[in-house]
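Report on the following structure.
The values are calculated or read from the model by the stated rules, or taken from the named source; none is laboratory data. Since the structure is predicted, the reported quantities are computational estimates derived from the model, not experimental observations. Here the Cβ positions follow ideal geometry from the backbone for every residue, glycine too, while neighbour counts run over all protein chains shown.
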Amino acid sequence: MGKWIHPEPALALSSNPPEPLTNAQVQSWRESGFALVEGLVPLELIDRARSEVIAHFPPPGSPESERVTDFGSSGLMEFPSPSDALNEITLHPRLLGAGAQLLGIRNEDLRLTQSEAWPKYGRKTQTGGAMDNHDQRIHIDYPNHSLAHPAEWENPESVAVIAYFDRVEDVGGATQVVPRSGPDDPAYRGPLVRSPGIGGIPFVNNREQAEASLQEKYPELANWRREHLYPKARSARFGPGTFLFYRHDVWHRGTPIAEGSIRLAHNVSFRRSDCEWISTVHKGWAWSMYDSNHVMERLIARGTVQQRCALGFPEPGHPYWTRATLDAVRARFDFEEMDMRPYEAAFGSPAPTSSAALDQLRNENQRLRRENERLSRQLESSPKNG
Ligand SMILES: O=C(O)CCC(=O)C(=O)O
Ligand SMILES: [Fe+2]
């Protein structure tokens, strides 16, 4: 089980600096490819997220849990999720601040591309075959995040994050990473294509099967991985609220969970706004704007400028903002009391808060809401068909 990497504390929560990571953590991520951080967000938030999320998944040891053999939550815990705490972690100013700090960019230039919590079980059976994630082959994550190939090491385009909600001592399943030892590290001399699932090599997730099939078909590649990757892998010692910041061009793998246990992890990714070849891996943040719970509308309306930017919302001063768009966006989100002042201020002309047109829109909006409520009540009290 490789040597352990221990988490280092972020700058104090109480000091609330815009840049929450220490210089050593930033340097570790930039040079070695990872930083294991604790104390980034309040533990109370992690505990809340854990209990909100775990309720949606099969209990460990159950027959259903034996069938969960791969990454993910079938969309259940993707952002925006039914767990408010998970959404809060995703857009936590300290997490966004850390992302921007690692990439060396303004907060406004950070974009969210992934947020999903998922369970991994210590199962009795490994029924996933070649695709089973119990004991993963060492891999890099860029193939299903980037349409291209990561740029040169010194020019990082994205940040990958795994937040843990459990203690590795209780549940096992330490993530292993291969630290980059410097510009001459053979493991990181590109192109990064020596892995199942890349460049025509069949995708296999299970370590034993992946390495055996490489040994058979690409013996040179298998030998290279055995020499330069596996012996260098180190295990992340996590507790609730530990964040592993890594990169989509860093070698890593998931290891087995203790039998009968469940490990909850929250995967988050960010990119630079100018790297459009890095995809949003979910269905897009606007897609849930019609949900009757209004969660996404509320996140936009009540969020900070930084949080909205992370979702791709135009920042104050962006050419998108005109008198017309300012009024129109206000009309859309006024029911959730969106504060348009930062956008108005950057646009420069005073907001027409008392204009007749805006009052009319407000009244119309209010009337439609009342009508909607009345119809919903009527629907609830009417007899249901078969
Ligand atoms: O489970 C883990 O610790 C890592 C998972 C992982 O790397 C992946 O699914 O790509
Ligand atoms: Fe991975």
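Assess whether G172 counts as being within 14 Å of ligand 2 (Cβ to nearest atom) and surrounded by fewer than 23 Cβ atoms within 10 Å (Cβ to Cβ). No, not satisfied. Per the listing F270, F243, the residue uniquely buried (at least 16 other Cβ atoms within 10 Å of the Cβ), touching a helix residue (DSSP H, G or I) at 6+ places or on another chain (Cβ under 7 Å) and not aliphatic (A, V, I, L, M) is F270.
Count, please, the residues in the range 125-134 that happen to be within 16 Å of ligand 2 (Cβ to nearest atom) and not aliphatic (A, V, I, L, M). Selection size over the range 125-134: 4.
Could you tell me which residue of the range 97-134 is farthest from M296 (Cα to Cα), considering only residues that are near ligand 1 (Cβ under 10 Å from one of its atoms) and more than 18 Å from the chain's Cα centre (by Cα)? Going through the qualifying residues, I end up with H134.
Quick check on this structure: which one of S273, S269 is in contact (Cβ under 8 Å) with a residue 12 or more places away in the chain, touching a Cys at 6+ places or on another chain (Cβ under 9 Å) and within 27 Å of R30 (Cα to Cα)?
S273
Here R111, R123 are screened, and the one residue that is in a loop (DSSP other than H, G, I, E, B) and of a type outside the set (S, T, N, Q) is R123. Being under 19 Å from N223 (Cα atoms) and more than 15 Å from ligand 1 (Cβ to nearest atom) is a property that V193 has. Residues considered: G122, G199. Of these, the only one that is among the small types (G, A, S), more than 16 Å from ligand 2 (Cβ to nearest atom) and touching a Ser or Thr at 6+ places or on another chain (Cβ under 7 Å) is G122. I need every pair where a residue in the range 68-87 that is among the charged types (D, E, K, R) has its Cβ under 7 Å from the Cβ of a residue that is within 16 Å of ligand 2 (Cβ to nearest atom) and not in a loop (DSSP other than H, G, I, E, B), sequence separation at least 6 or different chains. Qualifying pairs under 7 Å: D70/M131; E78/S115; E78/E116.
Criterion applied to V171, V177, V159 was being more than 21 Å from the chain's Cα centre (by Cα), assigned by TED's automatic domain parsing to the domain that holds S235, among the hydrophobic types (A, V, I, L, M, F, W, C) and closer than 30 Å to V41 by Cα, and the one residue passing it is V171. For beta carbons closer than 7 Å, sequence separation of 6+ or different chains, a first residue in the range 44-62 that is more than 21 Å from G75 (Cβ to Cβ) and a second that is aliphatic (A, V, I, L, M), the qualifying pairs are L45/A85; L45/I89; R48/A85; P60/I262. Checking each residue in the range 1-28 for being hydrophobic (A, V, I, L, M, F, W, C) and free of Cβ contacts under 8 Å to residues at least 40 places away in the same chain picks out L11, A12, A24. Restricted to the range 231-331, the set of strands (runs of 3 or more DSSP E) holding at least 1 residues that are among the hydroxyl-bearing types (S, T, Y) comprises 234-236, 243-246, 262-272. Residue count for the range 135-182 satisfying the condition of being within 11 Å of ligand 1 (Cβ to nearest atom) and acidic (D, E): 2.
Residues are listed down the side, and each one gets a yes or a no for (1) away from ligand 2 (no atom under 15 Å from the Cβ); (2) free of Cβ contacts under 8 Å to residues at least 40 places away in the same chain:
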site	(1), (2)
S146	no, no
W153	yes, no
V168	yes, no
R180	yes, no
P183	yes, yes
R189	yes, yes
N205	no, no
